[in-house]
Amino acid sequence: PRETRTYESIATAGMGVLRSLDPETAHGLSITLCRLGLAPRALESKRKAGLQLKVMGMVFDSPVGLAAGYDKQAQVIPALLDMGFGFVEVGGVTPLPQPGNPRPRMFRLPEDRAVINRFGLNSEGQDVVAERLVKFKEEGHSGVVGVNLAKNTASEDAVADYVAGMCRLGPLVDFVVLNVSCPNVKWTSKLSKNEDAMFRLVSQVQQARGAIPEASRPKLLLKLGPDMDAAGKRHMAKLALDCSVDGLVVSNTTSTRPNSLVSPDRDQKGGLSGEPLKVVAEQTLRDMYSLTGGHIPIIGVGGISSAQDAYRRIRAGASLVQIYTALVYDGPALVRRMNEELDELARKDGFRGVAEAIGADYRDAQSSKGVAVKK
C-alpha cells in the first residue's frame, strides 16, 4: 500500500532514477507518476494536533506546503495533498498559454543541493488551469490550494493580466499569490523598482478581488525576491501594509551566485533555489517580519530542506513554510519526516504546537529590549 514506509522507501529510491534523466524530463515524469496514483501517501503525518494552525482565516493541517513551480499546470493537486502537504500552490499561471524559454532551462547543481531554472513562466494558460481547479472541487477533495499569478511575457499591461487572473482563478482557490519577483522575466525587475506601478497593480487586483462574492473570495499574497536592499524591503513592507494584503511569500529564487557554488552548471542563467538560498531567504524573512511588526502572515520559502530549517523559519516569523528543491534530492519521504519532526521541535521548546512558535525569536529579541510583544 502507498501508505507504508516500504512504499515510501521505494519511491525515494526511484528518485535516483529520475535524477539520472534530464531535469525537465524527470520533472514531467514525476508529474505523470503522481497522476497515475503512484505517489506515496502520508496523510496521517499531518493529523497531529500540534501541527494544525489557523492562518489568514484558513485552517491548515500542517504548516508545510509545496511551493509554486512544481505543479505549474494544476495537474496533481490531490496526490500532493495526500503526500502530507498542508497546502499546495500551483502555477505560475499566465492569462494566455505561453511556451516559456527554450530548452534546456532547468539545471541540477547536486554538489550544492541546488537548482537553476529559467523556464520563463511556461504555462498552459488560466482557462486550462481553471478547468482543473473546478474538477478538483467537483470531485470533493479538501485541502488548502493557492495559485501563483503572472503576466504574459508579450503583454504590455501587467495590471490587466493580474486582474484577469484574479477574476478567472480567484474564486476557485483559497489564496492568490502575485508573482512580482521572478528573476527569469525582465518585467518583474522593472515593476519592483517602480513604487507607483506596484501600488497601482496591487490596488487594482485588490479591487478585482473585492468584486468576488465573499464566500469564494481568496486571500491575496505578494511573493517577494531575496535580492532587495534595505530600502526595497522597507518599500515592500509599507506597500503590503498600505494595500492590506493578507500575506507575503518570502522569498523567490535569486539571480545572484554565491561564491560557495561548486557545481559545473553554477554559471547558467536563471533563478537559483535550494540550499545556497537558505541564509539570504531567512534573513529576508526576519527583516520583513520585523518591518511589518508581525502583522502580516508570512510563508517562508527558499533553502528549506529539513524540519529544523522549517522550525528556524517559523521562529523567525513564518506562519507557514514551503519546499520544492529539497524534494529533488530527498524525495517525497521528506514531507512525512518534516511533519513528524516539526511537532517534536515545537514541544521540545515548551510550545503546545507549532502555532505558538511563530515569531518566537522576534518576541524574545523585543523582550530583551524591554518591549512587550503580543503573541
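The values are calculated or read from the model by the stated rules, or taken from the named source; none is laboratory data. Small disclaimer: the values here were computed from a predicted structure and weren't measured. Cβ: placed from backbone, ideal geometry, glycine included. Neighbour counts: every protein chain shown. The area values use the complete protein model at the heavy-atom level, side chains included, leaving out ligands, DNA and RNA. Shrake-Rupley method; radii C 1.70, N 1.55, O 1.52, S 1.80 Å.
Side notes on the structure shown:
- Considering residues of region 122-145 that are of a type in the set (A, V, I, L, M, F, W, C) and open to solvent by 10 Å² or more (accessible area, probe 1.4 Å) only, the residue nearest to the chain's Cα centre (by Cα): V144
- Of note, N148 does not satisfy the criterion of being surrounded by fewer than 19 Cβ atoms within 10 Å (Cβ to Cβ) and closer than 22 Å to I77 by Cα.
- Among residues of region 257-283 that are within 22 Å of A230 (Cβ to Cβ) and charged (D, E, K, R), those with a Cβ under 6 angstrom from a residue that is assigned to a loop (DSSP other than H, G, I, E, B) and at pLDDT 95 or above, sequence gap 6+ or separate chain, pair up as K278/G303.
- Checklist (1) in contact with a Lys or Arg (Cβ under 8 Å, 6 or more places away or on another chain); (2) under 25 Å from K238 (Cβ atoms) applied to T325, failing item: (2)
- Considering residues of region 88-136 that are aliphatic (A, V, I, L, M) and outside any strand (DSSP E or B) only, the residue nearest to K46 (Cα to Cα): L133
- Of all the numbered requirements in (1) small (G, A, S); (2) farther than 24 Å from F87 by Cβ; (3) not in a helix (DSSP H, G or I), G14 misses one, and that requirement is (3).
- Residue in region 68-80 that is farthest from the chain's Cα centre (by Cα), counting only those that are assigned to a helix (DSSP H, G or I) and within 23 Å of M166 (Cα to Cα): P78
- Every residue from region 36-45 that is among the hydrophobic types (A, V, I, L, M, F, W, C) and surrounded by fewer than 20 Cβ atoms within 10 Å (Cβ to Cβ): L36, L38, L43
- Residues located in region 322-368, provided they are open to solvent by 20 Å² or more (accessible area, probe 1.4 Å), under 22 Å from A42 (Cβ atoms) and of a type in the set (V, I, T): V328
- Within region 131-188, being among the charged types (D, E, K, R), touching a residue at least 40 places away in the same chain (Cβ under 8 Å) and more than 23 Å from I299 (Cα to Cα) holds for R132, E139, D161, R168.
- Screening L334, L345 for residues that are over 27 Å from K219 (Cα atoms) and in contact with a Phe, Trp or Tyr (Cβ under 8 Å, 6 or more places away or on another chain) leaves exactly one candidate, L345.
- Of all the numbered requirements in (1) open to solvent by less than 30 Å² (accessible area, probe 1.4 Å); (2) not in a helix (DSSP H, G or I), V371 misses one, and that requirement is (1).
- Only a single item in (1) closer than 27 Å to M15 by Cα; (2) more than 14 Å from the chain's Cα centre (by Cα) is not met by A326, and it is number (2).
- Condition check for D157: farther than 22 Å from C34 by Cα, open to solvent by 20 Å² or more (accessible area, probe 1.4 Å) and within 16 Å of the chain's Cα centre (by Cα): no
- Hey, G65 over 20 Å from R352 (Cα atoms), in contact (Cβ under 8 Å) with a residue 12 or more places away in the chain and within 17 Å of the chain's Cα centre (by Cα) or not: yes
- Taking region 46-103 as the range and being over 22 Å from S319 (Cα atoms), buried (at least 24 other Cβ atoms within 10 Å of the Cβ) and among the hydrophobic types (A, V, I, L, M, F, W, C) as the test, the residues that pass are A74, V76, V93.
- Condition met for L33 (open to solvent by 20 Å² or more (accessible area, probe 1.4 Å), part of a helix (DSSP H, G or I) and not small (G, A, S)): yes
- Failed criterion for S305 (all others in (1) open to solvent by less than 40 Å² (accessible area, probe 1.4 Å); (2) touching a Pro at 6+ places or on another chain (Cβ under 6 Å) hold): (2)
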